[in-house]
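**Q** To start, I am sharing the structure in question, which I have written as structure tokens.
The values are calculated or read from the model by the stated rules, or taken from the named source; none is laboratory data. Just so it is clear, the model here is predicted, and its values are computed rather than measured. Please note: Cβ atoms are built from the backbone with ideal geometry, for glycine as well, and neighbour counts cover all protein chains shown. Only protein heavy atoms, including side chains, enter the accessible area calculation; ligands, DNA and RNA are left aside. Shrake-Rupley method; radii C 1.70, N 1.55, O 1.52, S 1.80 Å.
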Amino acid sequence: MAFWFPNAGIDLNNPVQEEEQSEEPANRGGQDRGNAHVSGNTAGASADSGMVDTGDTISTDDSGGEDEVQSTPSLTPVEKPYPDMMFDSWEQAKMCYNRYAKHVGFSIKSSTSRNSTVDLLKDKCLFVCNKSGRNKDINHQEVPPVRQRNRTITKKTDCKARLRVKRRGQKWHVTMFIEEHNHPCLKKFSLKRFLRSHKGIPKEEREFVKLLHQVNLSAGRVMSIMAELYGKLSNVPYERKDVSNYMATIDTAAQTQNDMSKLLSHFAKIKKEDPDFFVKIDVDHDDRVRRIFWTDGPARAAYKTYNDCLSFDATYMTNCYKMPFAPFIGINRYCQSIQLGCGFIRNEQEADYVWLFESFLEAMDGVQPVNIITDQDGAMRSAILCVFPDSCHRNCRWHIMQNAQPVLGNEMSKNEPLRLELNDTIDHSMTPDEFEERWAEMVLKYNVSDNKHLQDLYDIRASFVPAYFKDRFFPFLQTTARSEGFNAVLKRYASPHTSLFHFFEQYMKLQESIDVAVDSNEFKDEDKILRMWGEWPLEEHAFNVYTMPIYLRFRAEIRKVTSYNVNLLDGQQFNVVPVTGYVYGYGKRSYRVEANLSEGAVQEIPDHYILPRWTMPPDDIVPEKVELPQVQVDKKLTNKERKLLRYGTLCNNWTEYAKIAAESEKATALADKYMRELGKELSAMKISASSKRNEKRKQTKKQGEPSGAENVGDEGQGSNTQYQHVRDPIMTTTKGRPEEKRKKSGLHLKASKPVKCKACGSAQHNTAECPSKISNVPEPKEINFFRDMI
């Protein structure tokens with residue numbers, strides 16, 4: 001790992017030689033100066049002095065058929081090139097010219113080169129100003145048949161500034177140097193970083209950006225982090241678009257390097273660590289993956305306790321193949337969403353869901369979920385009836401109301417009492433019979449029996465109305481919000497450009513965060529205590545029995561007792577009525593309660609009302625949780641991770657010193673002095689370490705031992721040839737939402753904005769049907785001009 005320090009100007013990629021005294025250009029012609037590596041930072045030097053403070057260079061992609069170079073900050077000041085100046089390689093000549101170009105304020109590029117006819121190696125190179133040549137007149141070019149991206153073009157002025165070097169023996173000599181430009185050069189320092197040859201992401205920072213990309217940070221967030229390291233955003237030698245483009249190359253490389261081979265090899269590795277890890281894959285006739293399902297050992301063990309309710313929904317925009325992602329979400333004793341398995345499918349047809357549900361059933365030892373909630377997808381419903389015939393299937397109320405909103409919203413805006421009664425009938429009917437009765441009364445009262453859309457909503461009542469699920473277990477939910485919430489969190493980890501292998505890595509990180517949240521709740525139950533809301537023994541019993549999140553929900557229900565008045569009717573009959581006429585979650589309903597006062601107040605919750613899934617397991621019962629093999633607690637960072645950590649720390653620290661040193665010329669000179677000495681020591685240390693490694697490698701070869709590179713595999717990263725025949729999935733066309741954000745809607749029907757006539761302002765018709773536009777004046781008689789002319 002190479003090091004360089006932004007702002008401070010230290011470059012340790014190249015060895016730093018002894019400082020040489022600069023001479024006047026007039027005396028240089030006959031001297032063999034070799035490669036001019038001079039240490040020191042001369043930020044205040046002028047161009048006339050021949051000493052400039054710019055940067056080293058790294059190669060970049062071609063631009064318009066001509067190579068450009070990129071510069072990074074360096075401690076080495078560079079003299080103005082002159083004839084017969086010598087370098088050890090043409091790359092060093094390019095670096096020298098680019099350092100000079102940054103100080104003056106222009107960008108360079110490689111123009112032409114020539115190979116020797118003797119050894120077939122490059123022996124001549126020409127570097128020119130990036131404004132050399134002339135632009136084509138775009139106004140006279142043929143218009144492209146399709147719309148193209150608006151690209152900016154460098155304004156060329158046929159500038160003749162250039163540097164030519166030629167190989168003579170082992171050295172490269174400057175044979176031509178033209179200094180003059182026919183265009184103004186940039187003088188403002190903050191603008192020079194936008195010049196093509198002076199911008200770009202250095203190699204060390206590319207590794208750091210790659211690390212940030214692995215945790216799904218956006219390019220904008222990465223730039224914010226780099227701005228902190230550099231001191232401010234204007235010091236960063238590249239833009240957000242450069243980071244975005246580099247991230248795209250990472251994604252492209254991941255997609256083209258045997259994605260499925262690496263993923264399946266990784267599965268095999270996990271299987272050794274977790275014997276209960278389950279994976280199933282389905283391929284087509286071309287060996288391309290079209291369906292995949294996996295779940296781990298802890299999830300399979302948790303399902304034995306939490307199979308009473310399952311939330312299932314497919315989501316999109318999570319992988320580069322556009323395959324819908326379908327997670328199985330359960331609810332644990334802390335009311336947290338947990339992953340019980342997940343899969344990718346190519347299409348959302350019944351056969352795909354049947355295969356996915358059968359794979360889930362196989363992994364869970366044939367145990368069907370007691371209750372399952374999904375959206376209104378017809379293929380999904382048919383598959384559930386086929387694979388989970390004993391499960392109670394419920395549709396998401398949110399999706400149903402969202403679909404009804406466009407066709408019923410405008411009508412409800414004209415009849416507010418109907419809207420309120422419709423929502424109240426759905427919300428607060430206690431039994432199916434009550435719902436049927438209240439619905440019939442509503443239809444008759446508002447004369448909407450001929451409303452087809454209301455009839456459609458009534459026909460599917462048994463799939464979403466809460467009254468039909470009073471005896472089923474759907475804890476604290478009427479929608480697939482558990483799945484939607486999980487999908488939203490997942491998309492913080494994965495993006496539409498993620499490969500399946502990278503997706504699985506992010507999936508495991510999300511699983512780790514869920515495990516940490518579970519441990520946090522478990523610790524709170526064992527170590528923390530809450531202040532009771534009241535003095536009731538019933539509340540204290542609930543606190544001792546339930547987990548803390550469930551107790552808090554129970555306490556919220558106890559507090560609603562104060563929202564009711566109790567009136568004695570006769571004997572043991574009491575009438576319970578809302579104090580304010582309405583209680584959130586229960587509506588305007590009054591209750592008739594029969595209570596035996598001779599038995600005294602209830603001190604504890606009866607055992608048959610306490611579900612074990614909401615309680616902590618007894619101490620004498622071992623939780624059914626599969627523990628993976630123990631990992632080293634004091635696991636150390638790898639060399640690469642330590643280097644990146646040191647790099648970020650040093651960048652941040654040197655930025656603070658650079659701010660102080662920039663206050664005055666004296667402070668800058670002092671910083672330059674110590675940085676030169678530091679550069680020499682670090683360079684010597686680097687050379688010494690390299691020599692020791694080479695010596696150790698030679699000794700290892702003499703002893704006949706295999707080198708470390710031969711022993712180290714890539715740990716399942718596609719090295720296993722067992723899965724080489726499995727090909728990556730094809731791109732999938734889904735029915736999912738477009739990239740723009742979906743508009744939110746509630747569980748209730750809302751009044752849409754009424755459509756009013758623009759002519760008269762009435763809400764009963766639109767402008768096209770307005771009576772005021774219908775004139776009673778008879779139409780004018782048609783005139784036949786040709787007949788009148790005869």
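**Q** Given (1) of a type outside the set (Val, Ile, Thr); (2) out of contact with any helix residue (DSSP H, G or I) (no Cβ under 8 Å at 6 or more places or on another chain); (3) more than 24 Å from Gly409 (Cβ to Cβ); (4) surrounded by fewer than 18 Cβ atoms within 10 Å (Cβ to Cβ), identify the lone condition not met by Asn447.
**A** Failed condition: (3).
**Q** Does Asp672 satisfy being at pLDDT 65 or above and of a type in the set (Asp, Glu)?
**A** Numbers: at pLDDT 65 or above: yes; of a type in the set (Asp, Glu): yes.
Yes, satisfied.
**Q** Follow-up question, since we're still on this one. Applying the selection to segment 176-207, what residues are in contact with a Phe, Trp or Tyr (Cβ under 8 Å, 6 or more places away or on another chain), open to solvent by 30 Å² or more (accessible area, probe 1.4 Å) and farther than 19 Å from Lys109 by Cβ?
**A** Matches in segment 176-207: Arg206 only.
**Q** How many residues does segment 279-296 hold that are open to solvent by 40 Å² or more (accessible area, probe 1.4 Å) and either of a type in the set (Lys, Arg) or closer than 17 Å to Gln511 by Cβ (or both)?
**A** Restricting attention to segment 279-296, the residues satisfying the condition of being open to solvent by 40 Å² or more (accessible area, probe 1.4 Å) are 279-281, 283, 285-288, 290.
Going one step further and asking which of them are either of a type in the set (Lys, Arg) or closer than 17 Å to Gln511 by Cβ (or both), we end up with 279-280, 288, 290.
Selection size over segment 279-296: 4.
**Q** For Leu211, indicate whether it is assigned to a helix (DSSP H, G or I), at pLDDT below 85 and not hydroxyl-bearing (Ser, Thr, Tyr).
**A** Values: assigned to a helix (DSSP H, G or I): yes; at pLDDT below 85: yes; not hydroxyl-bearing (Ser, Thr, Tyr): yes.
Considered against the rule, which asks whether it is assigned to a helix (DSSP H, G or I), at pLDDT below 85 and not hydroxyl-bearing (Ser, Thr, Tyr), Leu211 comes out as yes.
**Q** Taking the conditions exactly as written (more than 21 Å from Tyr551 (Cα to Cα) and open to solvent by 50 Å² or more (accessible area, probe 1.4 Å)), does Arg531 satisfy them or not? Talk me through it step by step, then tell me what you get.
**A** Numbers: more than 21 Å from Tyr551 (Cα to Cα): no; open to solvent by 50 Å² or more (accessible area, probe 1.4 Å): yes.
No.
**Q** Can you report the number of residues in segment 158-175 which are under 22 Å from Gly133 (Cα atoms), open to solvent by less than 70 Å² (accessible area, probe 1.4 Å) and of a type in the set (Lys, Arg)?
**A** Number of matching residues: 1.
**Q** Sort through Asp433, Asp427 and tell me the only one that's more than 30 Å from Ile345 (Cβ to Cβ), open to solvent by less than 50 Å² (accessible area, probe 1.4 Å) and of a type in the set (Asp, Glu). Full working, then the answer.
**A** Working: Asp433 fails: open to solvent by less than 50 Å² (accessible area, probe 1.4 Å).
Result of the check over Asp433, Asp427: Asp427.
**Q** Filter segment 297-325 down to residues that are part of a strand (DSSP E or B) and at pLDDT below 90 and give me whichever is surrounded by the fewest Cβ atoms within 10 Å (Cβ to Cβ). If you could, list the steps in order and put the result at the bottom.
**A** First, the residues of segment 297-325 that are part of a strand (DSSP E or B): 310-312, 315, 325.
With at pLDDT below 90 added as a condition, the list becomes 315, 325.
Numbers: Thr315: 19, Phe325: 21.
The selected residue is Thr315.
**Q** Something else about it: May I ask you to list the residues in segment 123-136 that are modelled with pLDDT under 85 and open to solvent by 80 Å² or more (accessible area, probe 1.4 Å)? I'd like the intermediate steps shown before the answer.
**A** If we filter segment 123-136 for residues that are modelled with pLDDT under 85, which is where we start, we get 135-136.
Hit for segment 123-136 is Lys136, nothing else.
**Q** Given (1) more than 34 Å from the chain's Cα centre (by Cα); (2) over 22 Å from Ala351 (Cα atoms); (3) of a type outside the set (S, T, N, Q), where does Arg397 come up short, assuming only one miss?
**A** (1)
**Q** Being part of a strand (DSSP E or B), surrounded by fewer than 19 Cβ atoms within 10 Å (Cβ to Cβ) and touching a helix residue (DSSP H, G or I) at 6+ places or on another chain (Cβ under 7 Å) is the requirement here; does Asp276 meet it?
**A** Working: part of a strand (DSSP E or B): no; surrounded by fewer than 19 Cβ atoms within 10 Å (Cβ to Cβ): yes; touching a helix residue (DSSP H, G or I) at 6+ places or on another chain (Cβ under 7 Å): yes.
So Asp276 does not fit the description; no.
**Q** Here is a check on your reading of the model: is Asn235 open to solvent by less than 80 Å² (accessible area, probe 1.4 Å), more than 30 Å from Glu512 (Cα to Cα) and at pLDDT below 85?
**A** Values: open to solvent by less than 80 Å² (accessible area, probe 1.4 Å): yes; more than 30 Å from Glu512 (Cα to Cα): yes; at pLDDT below 85: yes.
Spelling it out, Asn235 is indeed open to solvent by less than 80 Å² (accessible area, probe 1.4 Å), more than 30 Å from Glu512 (Cα to Cα) and at pLDDT below 85.
**Q** Pull out all pairs, ordered by first then second residue, where Cβ-Cβ is under 9 Å, the residues are six or more apart or on different chains, the first lies in segment 441-465 and is within 15 Å of Ile400 (Cα to Cα), and the second is surrounded by 12 or more Cβ atoms within 10 Å (Cβ to Cβ) and among the basic types (Lys, Arg).
**A** Ser463/Arg381; Ser463/Arg394; Phe464/Arg394; Phe464/Arg397; Val465/Arg397
**Q** Looking at segment 208-232, which of the residues that are over 18 Å from the mean Cα position of the chain (by Cα) and small (Gly, Ala, Ser) is surrounded by the fewest Cβ atoms within 10 Å (Cβ to Cβ)?
**A** Initial filter on segment 208-232 (over 18 Å from the mean Cα position of the chain (by Cα)): 226-232.
Next cut, small (Gly, Ala, Ser) only: 227, 231.
Details: Ala227: 14, Gly231: 19.
Within segment 208-232, the match that is surrounded by the fewest Cβ atoms within 10 Å (Cβ to Cβ) is Ala227.
**Q** Something else about it: What's the total number of residues in segment 478-521 that are outside any helix (DSSP H, G or I) and either closer than 22 Å to Gly297 by Cβ or β-branched (Val, Ile, Thr) (or both)? Give the derivation first.
**A** The first filter runs over segment 478-521 and keeps only residues outside any helix (DSSP H, G or I), leaving 478-480, 491-499.
Imposing the further condition that a residue be either closer than 22 Å to Gly297 by Cβ or β-branched (Val, Ile, Thr) (or both) reduces the set to 479-480, 493, 498.
Counting residues in segment 478-521 that are outside any helix (DSSP H, G or I) and either closer than 22 Å to Gly297 by Cβ or β-branched (Val, Ile, Thr) (or both) gives 4.
**Q** Might you let me know whether segment 352-370 holds any residue that is closer than 30 Å to Phe543 by Cα, in contact with a helix residue (DSSP H, G or I) (Cβ under 8 Å, 6 or more places away or on another chain) and of a type in the set (Gly, Ala, Ser)?
**A** As a first pass, look at segment 352-370 and keep what is closer than 30 Å to Phe543 by Cα: 369-370.
Within this subset, residues satisfying the condition of being in contact with a helix residue (DSSP H, G or I) (Cβ under 8 Å, 6 or more places away or on another chain) are none.
Checked segment 352-370: no residue is closer than 30 Å to Phe543 by Cα, in contact with a helix residue (DSSP H, G or I) (Cβ under 8 Å, 6 or more places away or on another chain) and of a type in the set (Gly, Ala, Ser).
**Q** Are there any pairs with C-beta distances below 8 angstrom linking a residue in segment 107-122 that is assigned to a strand (DSSP E or B) to a residue that is open to solvent by 60 Å² or more (accessible area, probe 1.4 Å) and not charged (D, E, K, R), with the two at least 6 apart or on different chains, and if so which?
**A** As it stands, the answer is Asn115/Leu121; Lys122/Ser113; Lys122/Asn115, since those pairs meet every condition given.
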